[in-house]
Amino acid sequence: MELKVFRDVLPAAGADCTAKAELPLETELLISDYLPPVQRIVKCFAQPVVLQKQLAPGRLTLEGYLRCTVYYQGEEGAGLCQTEQKLPFTKTLELPSFGATAWTACVEGQTEYLNCRAVNSRRIEVRGAYGLVVSVHAQLSTEVITALSEGGIEQKLTTLGGVRRAATLEKLVTIEGALTFPKPPAAILDITGTAEVRELKRMQGKAVAKGSLRALCAGRAEGDAALLSQTAELPFHQIVDVEGLSEDCQCLCTLAPVGFAAAEGETAEDGSASTTLTATALLRLSGWRPYQPQCVADAFSTRFAAEVTPQTIATEGLLCTLDETTVLRGSGPLPDAGAHILACFASFGPVSLTRQEGRAVLTARAVVSAFAENTLGEMECYEKALDYALPLPADLPPDAQGYPECWLTVQDVQCTSAGGALEVSLTVRAEGAVLARQTASLVGAVELGDPLAPADPEVSLRICYAQPGEELFAIARRYHVSPGQMLAANDLAEGTTAIAIAQKMESAGLCTAEEFLKEANEGDFSAYTFWQYVPEDKEAPNRFMKCEGYLFPETYEFLKDDTVHNYVATFYAQFDAQFTKEMYAALKKQGMTLPELVTLASFVQEEAGNSQDSNVAQVFRNRLAEGSPYPRLQSNTSSHIQSDADNNYLWNWVA
């Protein structure tokens, strides 16, 4: 007998690797004539902006620029000044060779060292290095067995849950707006900003992102060393092409400012000055499409010797999305107790995912740099390190490996000096997603061998004492019998009523039938998706019991000291696992409710209970369809709700 094997292709989790590289920094910055000459170097920063990523077998190539920013004290009381330079780079990182149908690379890092000195009043020399940390995660289309038939084959199915990485986009966009100062600034020290995507519309191959960018500009008026700050709100409406994106994708979209340019505008009669502001921001968009197929986890034949080749597959699921704001605070002594704080900035190191006390936590190191003028009139930079820790809103399973695709941005930073100490308050926003990888053992291949020896005709009864933790399928395979036959022999087959199940629990000494039914009908099982579709008693006054039809029949193992709630939850969890999102969508499309489907299924089970189930179900659906000449079930099975003396056909009963 030829074995029939049905296969499908899943986007399994593929390679997962981390690579490190060093970006050398060696440059000279010439101070423009319109900027004050250099008196003293205060602080130097370096930050990479990656514009393009290219994955090839065995390597990942990054292209972008390294933004080098130097803050210095200007001569003749000019105060705090700033200059910067963009240094383009192309960096190739060596990776293990792997196949991928979809991939993503998260680039982070931190400054390894920076040496900055003023060669003269118009020339600054910078030497240093920035350390890149790149995490690459891939998906690979993998073939799996979804069903087996013929040859006396018995199969154990398992449901795999995961997401397919449908779309990934990183694109630089420009946003323009106006920035108005009370009076014309002599110099603009720095412009930073935050952005928020408030609305995202998904279409086939396109996305529309709407939101706003808030720019904060620090400048200095003519003849005044004090810093002035001005904010501007820049709305944006971006339409982008995103290959692979569709309306049913779960999406994450963020916008991060990476640079600003200001052009001098006109001065109004009241003395205010308008500046044209152009922001460059990195738009990141990720789209995932969930899947939940059933695959063959184990198999054997009741008629032939069978050789099963196992297959281990890793799935990748979306654990949670993040949009969380956290406030970090810290303090430390100032070298000069009389120092006056002028401005402050913050930067972050690489983001990692750790387990703390059994819970997954997102962690990073934040460094706040405070610029101050000491009692000698010199500009200095004081730094304070803060530890960032964000517990995830979802539990990471113990056997799962999680990895973040998220970004930290500064929403607000405040530094003050009080009593000789530096007080720091940093508001951090985390945006992104955390994905989790889990492995599952499946059947990769099955080969049927010689026919099995016939059963001993002298044996009429076989009793098996199952060991704790032993599953019905394993017992059935040991004796080469159908698990369904064993299930029926133990009186817990499909179609078993709620009362019969409750009586079975009572006879096993687990709880009384009354306790079981009370919890099944009145307990809180809102953790399961299907429960929200089951109406309350007041909404279904003619219903016999709320739990009827949802106690999924299967082989279960219970502990005698467990709670009644957990006993019932075991049945409900199995029902919830069987009913997928696609099934709910199909139900809605057909205009049916879940209770209607369960009721109809019980009639089909009683009427047919075999391979003709689908045909009988269609007949019933046709009879109940709008415009049908019936519209009644006209089913013998409805006689079960009457006494034997009544008519066997309830012609007027409609499910």
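The values are calculated or read from the model by the stated rules, or taken from the named source; none is laboratory data. Note that the structure is predicted; figures quoted are calculated from it, not measured. Counting neighbours? That spans all protein chains shown, and the Cβs are built from the backbone with ideal geometry, glycine included. When the accessible area is computed, the model is the full protein with side chains, heavy atoms only, and any ligands, DNA or RNA have been set aside. Shrake-Rupley method; radii C 1.70, N 1.55, O 1.52, S 1.80 Å.
Yes or no, residue by residue, for (1) closer than 22 Å to Met486 by Cα; (2) open to solvent by 50 Å² or more (accessible area, probe 1.4 Å); (3) more than 33 Å from the chain's Cα centre (by Cα); (4) among the aliphatic types (A, V, I, L, M):
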| residue | (1), (2), (3), (4) |
| --- | --- |
| Glu539 | no, yes, yes, no |
| Asn542 | no, yes, yes, no |
| Glu548 | no, yes, yes, no |
| Pro553 | yes, no, no, no |
| Tyr556 | yes, no, no, no |
| Ala585 | no, yes, no, yes |
| Gly591 | no, yes, no, no |
| Val598 | no, no, no, yes |
One residue from Thr354, Thr325 being closer than 29 Å to Leu132 by Cβ, of a type outside the set (A, V, I, L, M) and without any contact (Cβ under 8 Å) to a residue 12 or more places away in the chain: Thr354
For Glu269, only one of the following conditions fails: (1) in contact (Cβ under 8 Å) with a residue 24 or more places away in the chain; (2) over 30 Å from Ile153 (Cβ atoms). What is its number? (1)
Counting residues that are within 30 Å of Ile153 (Cβ to Cβ), which helices (runs of 4 or more DSSP H) fully inside the range 474-578 reach at least 1? 483-489, 498-507, 564-578
Is it the case that some residue within the range 565-581 is modelled with pLDDT of 85 or more, open to solvent by less than 50 Å² (accessible area, probe 1.4 Å) and farther than 21 Å from Thr497 by Cβ? yes
Just need a number here: residues in the range 287-307 that are among the polar types (S, T, N, Q), in contact with a Gly (Cβ under 6 Å, 6 or more places away or on another chain) and part of a strand (DSSP E or B). 1
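Condition check ((1) under 36 Å from the mean Cα position of the chain (by Cα); (2) surrounded by fewer than 19 Cβ atoms within 10 Å (Cβ to Cβ); (3) part of a strand (DSSP E or B)) across all residues:
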position	(1), (2), (3)
Leu51	yes, yes, yes
Leu55	yes, yes, yes
Leu60	yes, no, yes
Gly77	no, yes, no
Gln85	no, yes, yes
Pro88	yes, yes, yes
Thr92	yes, yes, yes
Screening Cys81, Cys116, Cys68 for residues that are in contact with a Ser or Thr (Cβ under 9 Å, 6 or more places away or on another chain), surrounded by 15 or more Cβ atoms within 10 Å (Cβ to Cβ) and not polar (S, T, N, Q) leaves only Cys68
Consider the range 6-32. How many of its residues are surrounded by 14 or more Cβ atoms within 10 Å (Cβ to Cβ) and outside any strand (DSSP E or B)? 1
Would you mention how many residues in the range 287-321 are touching a Leu at 6+ places or on another chain (Cβ under 8 Å) and closer than 21 Å to Ala102 by Cβ? 17
Can you pull out every residue in the range 367-392 that is in contact with a Ser or Thr (Cβ under 9 Å, 6 or more places away or on another chain) and farther than 14 Å from Gln414 by Cα? Cys381, Asp387, Tyr388, Ala389, Leu390
Does Leu35 satisfy being part of a loop (DSSP other than H, G, I, E, B), of a type in the set (A, V, I, L, M, F, W, C) and in contact with a Cys (Cβ under 8 Å, 6 or more places away or on another chain)? yes
Working carefully through the options Ser417, Ser347, Ser352, find the one that is under 27 Å from Pro290 (Cβ atoms) and surrounded by fewer than 20 Cβ atoms within 10 Å (Cβ to Cβ). Ser352
